[in-house]
Amino acid sequence: MEFVINKMNRGDWEQVRAIYIEGIATGHATFEAEVPKWERWDAAHLAEPRLVVRVGSSIAGWAALGRVSPRGIYAGVAEVSIYIGAQYRGQGIGDTLLAALIAASERIGIWTLQAGIFPENISSINLHKKHGFRELGRREKVGKMSFGELTGTWRDVVLMERRSKVAGCS
C-alpha cells in the first residue's frame, strides 16, 4: 500500500475526527467518551508536529503531541496521541507514523515523549516499545470509563516514556 505522511491541516479535521471516533469505539484507546470540537482539540495539542497519513484522498491515521504541563521546565516533554483508522490497522502505517512523529518532535526540541496506554492495547504498547519507549509503570485505577461496555469500570494505564538521544536530554 502506498501512503504519504504530511502535516495535518484544519481541512483534515473531519477525517481525523472519524478515526478518533473509531478509536473511542474500541474502548481501549482513550477515556474520552466523545471527540471534542476542533477548537478544544486544537488548544490541547501542540501546533507542530501534527501529522496525517494519506492513502490517496483518504486519511488512514493521525498523530499529534500535547504538552504535559504549562511550566517552562517541562517545555520539552510531550504526550503522544496516535490513531490509525480501523481498515488500516496492522499494515505498518502506525510504525511509519510514530517514527515520523518522533523525528519531528526532536526537530522542535522535544526531549521526552510520554504515552499513557490501556494495558489491553497490546499492539500500541508493542508499537511504542519498538520505537524506544520503555514502561515506567502502571497507574492503577486512574480513571473510570463513562461510556460503552466498560461504563463504570476503573481502568489502569501503562505509562511509557522515550528520551531523545538528540534533543537535549540523553
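Which one, G148, I125, G72, projects farthest toward the positive side of the charge dipole computed for the chain from Cβ point charges (K/R +1, D/E -1)?
Of G148, I125, G72, it is G72.
Relative contact order for the chain: what percent, with Cα pairs under 8 Å and sequence separation of 6 or more? Kindly include the intermediate steps, with their values, before the conclusion.
Values: 300 pairs, mean separation 34.9, N = 170.
Relative contact order here is 21 percent.
As a footprinting exposure proxy, order L127, L46 by other Cβ within 10 Å, with the fewest listed first.
Values: L127 19, L46 15.
Fewest-to-most ranking of L127, L46: L46, L127.
Just want the answer: with Cβ charges of +1 for Lys and Arg and -1 for Asp and Glu, which residue in W41, V158, V55 is farthest toward the dipole's positive end in segment 4-163?
Farthest towards the positive pole: V158.
Return the sequence-ordered ³J(HN,Hα) values of segment 72-77 in whole Hz as given by the Karplus equation 6.51 cos²θ - 1.76 cosθ + 1.60 applied to θ = phi - 60°, using x for Gly and Pro.
Result, ordered by residue: x, 5, 9, 4, x, 10 Hz.
When the chain is fully extended, how far beyond the present Cα-Cα distance does A86 get from S69, taking 0.36 nm per residue of separation?
On the way: separation 17, 0.36 × 17 = 6.12 nm, distance 3.11 nm.
Computed gain between A86 and S69 is 3.0 nm.
What is the distance, in nm, between label points placed 7 Å from the Cα along the Cα-to-Cβ direction at S57 and at V4?
Here the answer is 1.5 nm between the modelled labels.
What is the distance in Å between the Cα centroid of segment 118-134 and that of segment 18-41?
19 Å
Between E140 and K165, how many nm apart are label points set 7 Å from Cα along the C-beta direction?
Calculated label separation equals 3.6 nm.
Could you check which residue among V80, V157, V55 shows the biggest mean-square fluctuation in a GNM of the chain with a 10 Å Cα cutoff?
V55
Suppose every Lys and Arg Cβ carries +1 and every Asp and Glu Cβ carries -1, with no other charges. What dipole size does segment 20-60 come out with about its Cα centre, to the nearest 20 debye?
So the magnitude is around 120 debye.
Quick one: what are the phi-derived ³J(HN,Hα) couplings along segment 40-55, Karplus 6.51/-1.76/1.60 with θ = phi - 60°, whole Hz, x for glycine and proline?
5, 4, 4, 5, 8, 10, 4, 5, 9, x, 10, 10, 10, 9, 10, 10
Would you tally the net charge around L127, using a Cβ to Cβ cut-off of less than 12 Å, leaving L127 out, and scoring K and R as +1, D and E as -1? Show your work: numbers first, answer last.
Details: positive: R89, K129, K130, R162; negative: D95.
Net charge in that neighbourhood comes out at +3.
If the only charges are +1 at each Lys and Arg Cβ and -1 at each Asp and Glu Cβ, what is the size of the charge dipole of the chain around the Cα centre, to the nearest 20 debye? Mind dumping the intermediate values first?
On the way: 22 positive and 18 negative charges, 102 e Å.
Roughly 480 debye, rounded to the nearest 20.
Every number in this text was worked out from the coordinates using simple rules, so none of it is lab data. Values in this document were obtained by computation on a predicted structure and should not be read as measured data. All Cβ positions, glycine included, derive from the backbone under ideal geometry; neighbour counts span all protein chains shown.
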